[in-house]
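Taking it in order: structure first as structure tokens, then the write-up.
The values are calculated or read from the model by the stated rules, or taken from the named source; none is laboratory data. Please read all numbers here as calculations on a predicted model, not as lab measurements. All Cβ positions, even for glycine, are placed from backbone atoms using ideal geometry, and neighbour counts span all protein chains on display. Ligands, DNA and RNA are stripped out before the accessible areas are found, and what is left, the full protein with its side chains, is counted by its heavy atoms. Shrake-Rupley method; radii C 1.70, N 1.55, O 1.52, S 1.80 Å.
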Amino acid sequence: HCRLDESDFQRELLALHVAPPSGPPPHRTGYRRAIAAPRGSAKSTLASLILLMHDVLYARERYIVILSATLKQAAQRLRNLRAELAGNARLRQVYAPQLRRRGEARAHSLALNGVQLDVFGSGAEIRGLTSGPWRPTKIILDDVEDSEGVETPGRREKLADWYNEVVENLGDTYTHILIVGTILHPESLLATLLKRPDFEVHRYRAIETFSPRQDLWAEWRRRFVDLANPRRIDAARRFFRAHKDDMLRDTRVLWPAREDYYQLMVQLVTRGRRAFYQEKQNEPLCAGAAIFLPETIRRFRREGANLVLLPKTPGANDPAAEGNTPAPLSISSAPTDTSAPASASAPAPAPVSIPVE
């Protein structure tokens, strides 16, 4: 599970886990923590496997509840834990005494080392859960939303009600609540919890800083999407190698050992802006409200009777989706001398209304 160098996100999540605000239950105050991370960042491997094993083998919790979008997904997380505990020889050697303290195991539950684990799908009727004297001491919501459900206002509201009315009241003052996932909608449960004042929030993007050289990436994209060229992939790669230093200057990605900047730009072009910004940048576009695409908005400067189209600002959020940065374009309501350059001391842009016939 740890074949690659870890990312900053993974190191931060590990640090948060091993340095809790207080001690074990019941002598602690539970936290509320929301983590939005890109697809492919190993967030579930960490939250619902590696860190979960640490909680169990060191008996840091007494009763852990795992919630996912469906019961099938939640049960798979429990099977992954069982498989690791059964098949990892190193674990079995180091933690032999803890692994011998095995209790009852069922399809959706496991008791080990004095810790009870139960899994459920979202929306399940789970009021009043207890394990012996304990209410849930840790609740993990791992990808508790699905792509179809978040697009429907009624289903978003139903999930939010279930969380607020049922999940929030499952535990006690010592209960930790951890929600990890990718933001699938601007009004999703995860997006809402990221704005709650009582939550500790952590939000990550696959591309943390885009290249300011949009012009070079636009030229790379022109080669990459040239379907008339059967060697377009090689042509784009050659262009990148020739301008690599400039194209990568000032860029930063979340997990370079897994996805470098070039690979992510390929995904942006091939998968489309909507999918990429949702799954990789945690910036979903709401289909019902996205009347205008931000990257299509252009700005003008008024110069007398003319409107001058301004170049796009370097470093905007969608470099691969743009063409070459255009030179200033004069739109005139009367004949003008286009050979004269615009004054460097032009006044600040003023609002301009352009009638559409």
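Which percent of the accessible area of the range 13-157 is formed by carbon and sulfur heavy atoms (probe 1.4 angstrom)?
53 percent
Here the gap between THR296 and GLU168, fully extended at 0.36 nm per residue and compared with their Cα-Cα distance, gives a gain of 41.9 nm. As an exercise, use a Förster radius of 25 Å and the Cβ-Cβ distance of ARG237 and LEU285 to find the FRET efficiency, rounded to the nearest 0.05. FRET efficiency, ARG237 to LEU285: 0.25.
So which of LYS138/LYS280; LYS43/LYS72; LYS158/LYS280; LYS158/LYS195 end up more than 23 Å apart by C-alpha?
Result: LYS138/LYS280; LYS158/LYS280 exceed 23 Å.
Using a Förster distance of 25 angstrom, determine the FRET efficiency expected from the C-beta separation of ASP245 and GLU84, and round it to 0.05. My answer for the efficiency is 0.05. The stretch between GLU303 and GLU12, if pulled fully straight at 0.36 nm per residue, gains 99.6 nm over its current Cα-Cα span.
The distance between label points at ARG39 and ALA107 comes to 2.8 nm (points 7 Å beyond Cα on the Cα→Cβ vector).
Based on alpha-carbon atoms, the Kirkwood radius and the radius of gyration of the range 146-272 give Rg/Rh equal to 1.15. By a 1.4 Å probe calculation restricted to protein chains, ARG222 has an accessible surface near 130 Å², given to the nearest 10.
Listed by chain and number, the lysines whose alpha-carbon sits under 17 Å from that of LYS244, ignoring those within fewer than 8 places in the same chain, form an empty set. Ligands, DNA and RNA are left out, and with a 1.4 angstrom probe the accessible area of the range 225-288 is 56 Å² per residue.
Heavy-atom accessible area for LYS244, with the other protein chains in place and a 1.4 Å probe, reaches approximately 100 Å².
Here the simple spin-label model places points 7 Å from the Cα toward Cβ, and for ASN229 and TYR58 these points are separated by 5.3 nm.
Relative to the current alpha-carbon distance between GLU200 and LEU91, full extension at 0.36 nm per residue lengthens the span by 36.1 nm.
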